[in-house]
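Q: Please find one structure pasted underneath; my questions will follow.
The values are calculated or read from the model by the stated rules, or taken from the named source; none is laboratory data. As the structure is a computational prediction, the values presented were derived from the model and not from experiment. Cβ atoms come from the backbone with ideal geometry, glycine included; neighbour counts cover every protein chain shown.
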Amino acid sequence: MAIRVVVWGPGEVGSAVARAVHSRDDMALVGMKVFSPHKHGRDAGELIGLDPIGVPATTSKTDILALDADCVIVTPRPQSIPEGLDDDVIAILESGKNVVSTASYHNVAMPNWLNQAQSPTARLRELSQARGAARNDAEKWTLRAARLLTAVKPMDPITDAVIGNRVDKRFPPRATTQRLMAACRAGNVTLHGTGAHPTFMVERLALRMARLMPGVRHVRFIEALDFSSSPDGMWGGLNALGFGQLTKNIDETFFLAKAGDFYYGDLTGNVGHALFGAGTSDIRVQRSLRAIPAKQDFTVGSTRIAKGTAAALHMTSLPTPAVLCLHQPRWVVKWLATYSILTFC
C-alpha cells in the first residue's frame, strides 16, 4: 500500500518534494497545504508544474488535519519558525500523521536564542533586534517600535502584563522537547527534521567518513552555494537573505545569521554529540556573519546588486570555548563579480 503524503508549503523545496512523491509508486500525494488565497482549490499537480493529478490544494489547516494521510512533509520559510510553526506541527502530530520537516527540528534539545526567550517581552526583544527580519516598511516601523518598547529589561514584567497576550499570539513560545514528545505519543507518530543540509551532508556523509579515522579532534565543513540561478522569491528573495544590502548592516545580529541557529546550531550539536559525546548543555554555539562587497554593478533575476553592497555572505557556526566543529556556509551571487581569487578563508 502506498504511503499517503501531504506537502505543507509548495515553494521551491516543497514543489520538488511533491514532484518526487508523485513520481514514486510506493507513495501517493493526497494533499497540499498552500498559503496564497489564489492557490486555494487549484490542482496540486498544476501548482508544481505537472499535469492535473486530481488533488486540490487548500489553505485550510482543518482540511489537512482531517485527511487520511500517513505523513506530512513540512517545507516552510525560516520566518515561520518564530511565527508559530510549532503549533501547526503539534496539531499535525496529534492528528496521527508523521511529520518530516526541512525547517528546524534537527535537534529539538539544542538551546538557541528563541527557545531560551520564554517570556513575551524577551521574545519580542530578540526578534526586534534581528536586522533584516522586516519584509516591508510597515514591519520595519513595527520592529523599530518594539526595540524601543523592550529596551529596558527591568520593565519586562510590566511589558509582559500589557502586551504579553498580543506577543504570544503573534510570536508564540517555542515548544519544549517534552511538548513535542507528548504530541508524538498522542498521535503514535514521529517528528523528523531533515534535508540535504543539515542532515545528509554532515550528519550522514561527513560523520560516516569520520568513522574511518582512528580519532577526530576537529571538524571543518564548508558549504559553497551560488544563488545566481535561484528563482525570484526563493527563501524570501535575495535581498531578504542580505544580498544587495549595505555590508555594514550584515553581522551576527542579521536575521539570516540568527535563523541559522535553527539549522546549523542543531547540526553543530549533533556533531558534538556523535563525535565527542557532548550533551546539549555542554555546547554553546557562537555565530558570525560577514558580507563581501560586489566589485561591480550587476543584476540577478529582479534583484539589483550595486557595487559595494553585499554579493557574498560568509557565515560561521562553532561551539566554544573548545572549537570542535567549525561550520562555514559561503553564499554568493556571481563569483567573478565578487572574488578576484576564490577564497574560503
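Q: Kindly evaluate residue 23 against the criterion of being crowded, with 19+ Cβ neighbours inside 10 Å, out of contact with any strand residue (DSSP E or B) (no Cβ under 7 Å at 6 or more places or on another chain) and more than 30 Å from residue 182 (Cβ to Cβ).
A: Spelling it out, it is not the case that residue 23 is crowded, with 19+ Cβ neighbours inside 10 Å, out of contact with any strand residue (DSSP E or B) (no Cβ under 7 Å at 6 or more places or on another chain) and more than 30 Å from residue 182 (Cβ to Cβ).
Q: Would you confirm, using the coordinates I've provided, whether residue 139 is assigned by TED's automatic domain parsing to the domain that holds residue 152, surrounded by fewer than 15 Cβ atoms within 10 Å (Cβ to Cβ), without any contact (Cβ under 8 Å) to a residue 40 or more places away in the chain and not small (Gly, Ala, Ser)?
A: Here the answer is yes, as residue 139 does meet what is asked.
Q: Residue under question is residue 199, and the condition is that it be in contact (Cβ under 8 Å) with a residue 12 or more places away in the chain, more than 20 Å from the chain's Cα centre (by Cα), surrounded by 14 or more Cβ atoms within 10 Å (Cβ to Cβ) and farther than 19 Å from residue 302 by Cβ; does it hold?
A: Answer is no for this residue.
Q: Out of the residues in the range 48-75 meeting the condition of being in contact with a Ser or Thr (Cβ under 8 Å, 6 or more places away or on another chain) and within 23 Å of residue 196 (Cα to Cα), tell me which one is surrounded by the fewest Cβ atoms within 10 Å (Cβ to Cβ).
A: Within the range 48-75, the match that is surrounded by the fewest Cβ atoms within 10 Å (Cβ to Cβ) is 49.
Q: Name the residue, out of 179, 144, 204, that is over 23 Å from the mean Cα position of the chain (by Cα) and assigned to a helix (DSSP H, G or I).
A: The unique qualifying residue is 144.
Q: Given the criterion part of a loop (DSSP other than H, G, I, E, B), assigned by TED's automatic domain parsing to the domain that holds residue 32 and touching a residue at least 12 places away in the same chain (Cβ under 8 Å), identify the matching residue among 86, 68.
A: The unique qualifying residue is 68.
Q: I'm trying to understand the selection: among the residues of the range 131-164, which are touching a helix residue (DSSP H, G or I) at 6+ places or on another chain (Cβ under 7 Å) and hydroxyl-bearing (Ser, Thr, Tyr)?
A: Correct list: 150, 159.
Q: On to the next question. Has the range 73-93 got at least one residue that is touching a Cys at 6+ places or on another chain (Cβ under 9 Å) and farther than 30 Å from residue 143 by Cα?
A: Within the range 73-93, one or more residues are touching a Cys at 6+ places or on another chain (Cβ under 9 Å) and farther than 30 Å from residue 143 by Cα.
Q: When only residues in the range 234-248 that are under 21 Å from the mean Cα position of the chain (by Cα) and part of a helix (DSSP H, G or I) count, which is surrounded by the most Cβ atoms within 10 Å (Cβ to Cβ)?
A: In this case the residue turns out to be 238.
Q: If you take the residues in the range 317-345 that are surrounded by fewer than 18 Cβ atoms within 10 Å (Cβ to Cβ) and among the polar types (S, T, N, Q), which one is modelled with the highest pLDDT?
A: 320
Q: Look at the range 2-39 and say how many of its residues are more than 17 Å from residue 98 (Cβ to Cβ) and either of a type in the set (S, T, N, Q) or assigned to a loop (DSSP other than H, G, I, E, B) (or both).
A: Adding up the residues that qualify gives 8.
Q: Let me ask another. Could you grab me the full set of residues in the range 151-171 that are within 26 Å of residue 88 (Cβ to Cβ) and of a type in the set (Ser, Thr, Tyr)?
A: Within the range 151-171, none qualify.
Q: Residue 94 versus (1) in contact (Cβ under 8 Å) with a residue 12 or more places away in the chain; (2) under 29 Å from residue 201 (Cα atoms): which is the lone unmet condition?
A: Single failed check for residue 94: (2).
Q: With respect to residue 109, determine if the residue is part of a loop (DSSP other than H, G, I, E, B), out of contact with any His (no Cβ under 9 Å at 6 or more places or on another chain) and either buried (at least 21 other Cβ atoms within 10 Å of the Cβ) or among the aromatic types (Phe, Trp, Tyr) (or both).
A: Taking the combined requirement at face value, the residue does not satisfy it.
Q: Residue 110 versus (1) within 17 Å of residue 84 (Cβ to Cβ); (2) touching a Gly at 6+ places or on another chain (Cβ under 7 Å); (3) not aromatic (Phe, Trp, Tyr): which is the lone unmet condition?
A: Condition not satisfied by residue 110: (1).
Q: Any residue that is part of a loop (DSSP other than H, G, I, E, B), in the same structural domain as residue 305 (by TED's automatic domain parsing) and more than 24 Å from residue 307 (Cβ to Cβ) - is there at least one of those in the range 222-231?
A: Yes, the conditions are met somewhere in the range 222-231.
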